[in-house]
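To start, the structure under review is shown below, and the notes come after it.
What follows draws every value from the coordinates through simple rules; no lab data is involved. If you're wondering where the values come from, they're calculated on a predicted model, not measured in any experiment. Cβ atoms come from the backbone with ideal geometry, glycine included; neighbour counts cover every protein chain shown.
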Amino acid sequence: MIDRTEVQVPYDQVNDPFTAPSFDELKVTEDELNAAQLTPKCIVENHTYADVAQLIAPGGTGKTTIILYELIRIALGRDVWGCKVVNPGWSLIVTAEDQREQLLARMREILGAMNLIPDERQKAVSSIRIWDVTGEHCKLVFVADGMVQLTNLADRIIEAHKDNPPAVIVFDPLVSFGASEQRVNDNEQALVTAARRIVRALDCCVRYVHHTGKGNAREKALDQYAGRSGSAMADGTRMTFVLHPWEEGDQLKPPPGCRPDRNSSITVLARPKLSYSRPNLPNIWIKRTGYRFESFMELYQTPEQRAAAQANQMHQFLTHELNQGKYYTKNNLDTKAELLGMTRKDLRAAIVDLEITGRVVDTDLPKDQRHGNRKTFLKPIPPNSGKAGAE
């Protein structure tokens, strides 16, 4: 356990001078040039890399719960909002806002809604570590001699986890780990530096959870500068995500299949800055019903991408319905086309896609469900079961 009482250090101890390397010491070799990678370690394609990230959202949007859901899927190696997990691993949440018990209760509900097999559930539980520093003076940076400086908290986290580095470290919320919002950009740049220090040592993603400014929250701005205070955080991070709730009447319109209802909420997850992916990534639409999440990718999509998205949507629907004790055949699925936001042609094509890829199989109905000629149903195959591809 890290000693929380020693996160403040004198200025003269954190500002030790060092000798700049000479011209010869900075020489670039051919071996170094050939080994250089264009991107850091990819954890989730088009989503999470071993660098500094921030998630910006107004209060009350469920951002911490969404992060928990993402981290569980990273631990299990399951796609995150349709993005492939390349390097799964465990995650550390350093929380200064929600107490550990509250996060564990949400985690329990998420796991229950995912209907995991026991081994998967145990893996997820063992892969999320929560350090509760609520109500404590636990800072990554502080002010000394009029300058914003690093505390030794980053180094203590490195020391504690150097033998088993996490995939992701989350600091929630950013404001609790900074020194002063009066020195806006100096404070944010120091927080970026602290995060980079951890990234460099542990080769993981360090993600700050940041709040939006009042104006940006009202306008539902989705650009990289949607966070409150200065611009240094947006400029210094390499991944910026912006999350806003969606309401009827908003300018943005949900993609096909993402239909609001009174039991669900819809949020829009934008990726305005992702330095290691192509620009102009589509927004991700997240539909939350209790602690169950569905994701939909914003159009424009190629025909192939659209077909794949509809197949994934159909698989999610069949899985959820089966868990509710509902069994579907090809014929009675036709009645759900409008609910799913598909034409009957698209719906049938999605079923064929799932059958060809082995993600649904025709299975005998339970005896009490057999009526007339209805003997079988379309059974969705869980991801990572060895019988089908990833979800």
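Tabulated values for the structure
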quantity: Mean separation of Cα contacts under 8 Å (6+ apart) over length of the chain, as relative contact order %; calculated: 16
quantity: Förster radius 30 Å - calculated FRET efficiency between Asn185 and Ser126 (Cβ-Cβ, nearest 0.05); calculated: 0.15
quantity: Among beta bridges that DSSP assigns inside the chain, antiparallel share in %, nearest 5; calculated: 60
quantity: R0 of 22 Å, Cβ-Cβ distance Asp364-Asp119: FRET efficiency to nearest 0.05; calculated: 0.25
quantity: Subset of Lys139/Lys287; Lys123/Lys330; Lys63/Lys139; Lys123/Lys336; Lys27/Lys162; Lys220/Lys345 violating a 24 Å alpha-carbon distance limit; calculated: Lys139/Lys287; Lys123/Lys330; Lys123/Lys336; Lys27/Lys162; Lys220/Lys345
quantity: Gaussian network model of the chain, Cα within-10 Å springs - most flexible of Glu248, Glu32, Glu136; calculated: Glu32
quantity: Extension gain (nm, one decimal) between Asn164 and Phe18, 0.36 nm per residue minus Cα-Cα; calculated: 49.6 nm
quantity: Listed candidates (i) 58, 55, 40; (ii) 86, 59, 42; (iii) 84, 49, 39 - label of the one calculated as Cα extents along the principal axes in Å; calculated: (iii)
quantity: Least to most buried among Asp223, Asp51, Asp31, Asp346 (fewest other Cβ within 10 Å first); calculated: Asp31, Asp223, Asp346, Asp51
quantity: Relative contact order [Cα under 8 Å, 6+ residues apart], the stretch 124-234, whole percent; calculated: 27
